[in-house]
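The values are calculated or read from the model by the stated rules, or taken from the named source; none is laboratory data. These figures come from a predicted structure and were not determined experimentally. No Cβ is skipped: glycine too gets one built from the backbone with ideal geometry, and neighbour counts run over all protein chains shown. Quick note on the areas: whole protein, heavy atoms, side chains included, nothing else; ligands and nucleic acids left out. Shrake-Rupley method; radii C 1.70, N 1.55, O 1.52, S 1.80 Å.
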Amino acid sequence: MKLALMIAAVDPGIGGELVFGDRGTGKSTTVRALAALLPKMRVVKACRYGCDPQAGDSLCDECRERGRDGTLKSRMLPVPVVDLPLGATEDRVVGALDLELALTQGEKAFEPGLLARAHRGFLYIDEVNLLEDHLVDLLLDVAASGENVVEREGLSVRHPARFVLIGSGNPEEGELRPQLLDRFGLSVEVRTPEILADRIEVIRRRDEYERHPVDFVGRWKRRDGRLRGRIRRARERIDGVSVPDEFLEQAARLCIHLGTDGLRGELTLVRAARAVAALEGADETGEAHLREVAAPALRHRLRRNPLDEAGSGVRVERAIDEVLGS
Ligand SMILES: [Zn+2]
C-alpha cells in the first residue's frame, strides 16, 4: 500500500487505488500520513476550488476573473485528504445550488462539494464497494478528466478537480462490478499481520504515539524528511525516465498471458514502473520495476477462473515467473 501511494504521489494520474482488506489495519491512517508528508501546495487566496496560481488554462472561472487585474495572491496549504462518507448524496459530492442564497437573496450561486475540496489531494472512500455504482462511475469520470462539470438547477459550473481516488473495502461485504474495478489504476490487499514480531512493533509504536505524540513525531522526523525528499526528486525526474521497447514487450506479454481485457493493464504498468524508476533515481524502466508493479497494476483486471483457486496476486506473480522466468 505504501508503494502504491508513493507511486500516486509521484504520478497522480495513475488512476486511483483500491485498497482491499481487513478493518483496523491502518488503511486510512496510511493515506493521511502520506498526504501529511507531501510538500505543501500553493493555492490562490480565497479560491473555493483550491486553484494552483500557476495553473494557467485550468484555473477556475473565478480565478481567471481575479487574475485579470494583476497577479493572483496565494498562500500555502497542506495537501487535502477528503473523506467521502457512504451516505453522501450526489449534491454533496459534486456541489449544488446554494439554497440559502437562493431563498434569502434570490441569487443563483454554486456551493462547491467534496470534489472541490479534494482538488490536488486525495479523496478517500471507505467501503467503496457499498457505494452506489452511479456515484463510483461519476467519481472515476471526474478523476480521469480532472474537471467537475455541473449542469443542473439552472446552474452551469465547471471547476478543476484533480485528485487521487482511494477506495477501500472488504470484498466479503460486497464486490465492485468488473467495469469499475478495471478503471482503478492500482489495487492492493492489506491483511492483518500474522507475524508476531510485526504485531508487537505496530502495537508498540501506536501506543507510544498515543501517549507522547510530539516526541513520537520528533523521533520520526528525519525519516519522514527523507521520504518527502525522495518523492520531490522523483516528481522532478519522472519526465526524464525512458521506457525501452523491451519493457513494453514484456508488459504486453504479461498481459496477454493473463488474458486481461483491453489495454489499461499495460498502460498502468508503464506509468507505475516509470514512477518507481523515478523514486529509485533510475533513468529507464527495467524488469525489476515491472516485477514490482505487476501485482498492484494487474490483480484487479483478471477474469475469474473457477478452476484456479489461487488469489489474484498469486496468479500475477505466477504469470511473471512464467513470462520472465523466475
Ligand atoms: Zn480558482
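Working carefully through the options Ala234, Ala282, find the one that is in a loop (DSSP other than H, G, I, E, B) and open to solvent by less than 70 Å² (accessible area, probe 1.4 Å).
Ala282
For region 58-88: of the residues being in a loop (DSSP other than H, G, I, E, B) and either of a type in the set (A, V, I, L, M, F, W, C) or open to solvent by less than 40 Å² (accessible area, probe 1.4 Å) (or both), which is farthest from the ligand (Cβ to nearest atom)?
As a first pass, look at region 58-88 and keep what is in a loop (DSSP other than H, G, I, E, B): 59-60, 68-73, 78-80, 84-88.
Right, trim to either of a type in the set (A, V, I, L, M, F, W, C) or open to solvent by less than 40 Å² (accessible area, probe 1.4 Å) (or both) and you get 59-60, 72, 79-80, 84, 86, 88.
Working: Leu59: 6, Cys60: 3, Leu72: 9, Val79: 17, Pro80: 14, Leu84: 22, Leu86: 29, Ala88: 23 Å.
The qualifying residue farthest from the ligand (Cβ to nearest atom) is Leu86.
All but one of (1) over 29 Å from Arg235 (Cβ atoms); (2) surrounded by fewer than 20 Cβ atoms within 10 Å (Cβ to Cβ) hold for Gly262; state the number of the condition that does not hold.
The failed condition is (1).
If you scan region 237-258, which residues turn out to be part of a helix (DSSP H, G or I) and open to solvent by less than 40 Å² (accessible area, probe 1.4 Å)?
Ile238, Phe247, Gln250, Ala251, Ala252, Leu254, Cys255, Leu258 - these are the residues of region 237-258 that are part of a helix (DSSP H, G or I) and open to solvent by less than 40 Å² (accessible area, probe 1.4 Å).
For region 35-47, indicate whether the set of residues that are over 26 Å from Arg228 (Cα atoms) and in contact with a strand residue (DSSP E or B) (Cβ under 8 Å, 6 or more places away or on another chain) is non-empty. Full working, then the answer.
If we filter region 35-47 for residues that are over 26 Å from Arg228 (Cα atoms), which is where we start, we get 46-47.
Checking the rest, the ones that are also in contact with a strand residue (DSSP E or B) (Cβ under 8 Å, 6 or more places away or on another chain) come to none.
Checked region 35-47: no residue is over 26 Å from Arg228 (Cα atoms) and in contact with a strand residue (DSSP E or B) (Cβ under 8 Å, 6 or more places away or on another chain).
Name the pairs: first residue in region 33-50 and touching a residue at least 24 places away in the same chain (Cβ under 8 Å) and within 12 Å of the ligand (Cβ to nearest atom), second residue in a loop (DSSP other than H, G, I, E, B) and among the small types (Gly, Ala, Ser), Cβ to Cβ under 7 Å, at least 6 apart or on different chains?
Matching pairs, first to second residue: Val43/Gly50.
Just one of (1) modelled with pLDDT of 90 or more; (2) open to solvent by less than 70 Å² (accessible area, probe 1.4 Å); (3) under 30 Å from Gly281 (Cβ atoms) trips up Arg42, so point out which.
Evaluating Arg42 over (1) modelled with pLDDT of 90 or more; (2) open to solvent by less than 70 Å² (accessible area, probe 1.4 Å); (3) under 30 Å from Gly281 (Cβ atoms) leaves (2) as the failure.
Across region 117-163, what is the total count of residues that are acidic (Asp, Glu) and touching a strand residue (DSSP E or B) at 6+ places or on another chain (Cβ under 7 Å)?
Residues in region 117-163 being acidic (Asp, Glu) and touching a strand residue (DSSP E or B) at 6+ places or on another chain (Cβ under 7 Å): 4 in total.
Among the listed residues Leu101, Leu114, identify the single one that is more than 16 Å from the ligand (Cβ to nearest atom), of a type outside the set (D, E, K, R), in contact with a strand residue (DSSP E or B) (Cβ under 6 Å, 6 or more places away or on another chain) and farther than 23 Å from Pro296 by Cα. Let's see the steps before the verdict.
Working: Leu101 fails: in contact with a strand residue (DSSP E or B) (Cβ under 6 Å, 6 or more places away or on another chain).
Result: Leu114 is the single residue among Leu101, Leu114 that is more than 16 Å from the ligand (Cβ to nearest atom), of a type outside the set (D, E, K, R), in contact with a strand residue (DSSP E or B) (Cβ under 6 Å, 6 or more places away or on another chain) and farther than 23 Å from Pro296 by Cα.
Is one or more of the residues making up region 7-22 within 16 Å of the ligand (Cβ to nearest atom) and of a type in the set (Gly, Ala, Ser)?
No, region 7-22 contains no residue that is within 16 Å of the ligand (Cβ to nearest atom) and of a type in the set (Gly, Ala, Ser).
What pairs come out if I take residues in region 238-260 that are under 10 Å from Gly286 (Cα atoms) and pair them with residues that are basic (Lys, Arg) and open to solvent by 40 Å² or more (accessible area, probe 1.4 Å) whose C-beta lies under 7 Å away, six or more apart or interchain?
Filtered contacts from region 238-260: Val243/Arg274.
Which numbered condition in (1) aliphatic (A, V, I, L, M); (2) more than 16 Å from the ligand (Cβ to nearest atom); (3) surrounded by fewer than 17 Cβ atoms within 10 Å (Cβ to Cβ) is the only one that Val93 fails?
Among (1) aliphatic (A, V, I, L, M); (2) more than 16 Å from the ligand (Cβ to nearest atom); (3) surrounded by fewer than 17 Cβ atoms within 10 Å (Cβ to Cβ), Val93 violates only (3).
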